[in-house]
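Okay, so here's the structure we're looking at.
Values in this text are rule-based calculations from the coordinates and carry no lab data. Treat the numbers as computed from the prediction; the structure is a model and nothing was measured. Every residue, glycine among them, receives a Cβ derived from its backbone with ideal geometry; neighbour counts consider all protein chains shown.
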Amino acid sequence: MTPTRGEGGSIFRRPWVRNSLAVLTLMVLLLFCGWIYLDAVRVSNLQKMDEYRQLLGADTTAELWAKSIEERDPALFQLHGLNSISDLSLIHDQINDDQSSISLSDDQLRELLTLVRQSPVAKAPEHVDLALANPLPSMLEIRLLIEACCRSGDDTRNMAIADKLDSDQERWLIGVELAESLVSGGLMIHEMIRTALLMLLLERGTELLGTLDLASLDRADSALARIELPWQGMARALQIETMWQFEGDFMEYWGATWYLSLDFQCFLDRQIPISLDPTDPALQKKYIEDLPFYTYITKIFVPNIANCMDSVRSVDVQLRALRSAFAATAARIRGVEWQPPDGVELIETSDGSPPRIHITGAPVETDIYLPR
């Protein structure tokens, strides 16, 4: 028997069949167009990555890290590896007894500074793994060292008042060099630790401002001039961690796949600009905006650096203000007029209070009063 075909004699003349075929065809076309669009986004992402590598002048994370060390300004403190203090029994013995603080004499600090200066210069790791971002045990030792440098020499031995001032100045200068030599030039967690150490050192430097003679003021100004600005260190760390996202297994499932291309595009559009200029308020505002619903992986790998950048900006201001205070005080002792650099103001008052250093655009609370 011949199957019934209906009045038209063809199954394709039935309305529901035609409608189903039309919907199916439309869905296939939409899927095909969607695939073409997502693949175009994937290709665009790869181009952005290539442009980023060319802009930074490195093809891999390890190469970028090594390049940042090689091209470091020679006027800054030289970077040294942490191995110089890893076997220092003097520190380890005290840490084992009490992990809250250590007490080092002036002679011990001088010996430690000599040891660090003679140690090999820092090198970039051959393979960068963000597991390195975990604070190393040596970071605890460095923090305790800097705290010991910021304490008065009277904490370690009895001294005459005149010798005490010289000791305090020297201890502080040693702390500045140790912090910059052992902590700078790493990942974001290392820069955050360095920022916290700089806060401590700048607070101590402000306390010493009124006790320094002309030679000490010049040495203090020279030491602060050799500190890398915190925002520069943070930018470098962001660039290293951004480059790391372009490598390894993540690229196979994230950057190189078309169905995750929108997710990766969102990551690149946020991470690349902020890594080039982490101090730009407009970029920071965009950086902390809520992510789209489809950015599952970006939510994991894009850190929230808003609070971190607040600290970086604060330390930048403190660093400029304290260095200007040293220079202005030295000029007053010499009896010459001090000309504030761009962005720095010397505010004189008529109420008898001492003049103060103000950084343009910074809160008044960050001003530093010059000694009378």
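Side notes on the structure shown:
- Counted by Cβ distance under 14 Å from S311, the other residues give a net charge of -2, where Lys and Arg count +1 and Asp and Glu count -1.
- By average C-beta atoms within 10 angstrom, highest first, the peptides 67-74, 180-187, 261-268, 211-218: 180-187, 261-268, 211-218, 67-74
- Sites F32 and L283 - FRET efficiency at Förster radius 35 Å, r taken between beta-carbons, to 0.05: 0.45
- Here the convex hull built on the C-alpha positions of the range 261-372 has a volume of 113 cubic angstrom per residue.
- Applying 1/(1 + (r/R0)^6) with r as the Cβ-Cβ distance of D351 and M199 and R0 = 41 angstrom yields a FRET efficiency of 0.85.
- Count Lys and Arg as plus one, Asp and Glu as minus one, and take only other residues whose Cβ is under 14 Å from that of P363; the net charge is then -2.
- Partners for K299 among lysines (Cα-Cα distance below 25 Å; same-chain residues under 8 apart left out): K48, K285, K286
- Mean separation of Cα contacts under 8 Å, 6 or more apart, over the residue count of the range 276-372: relative contact order %: 21 percent
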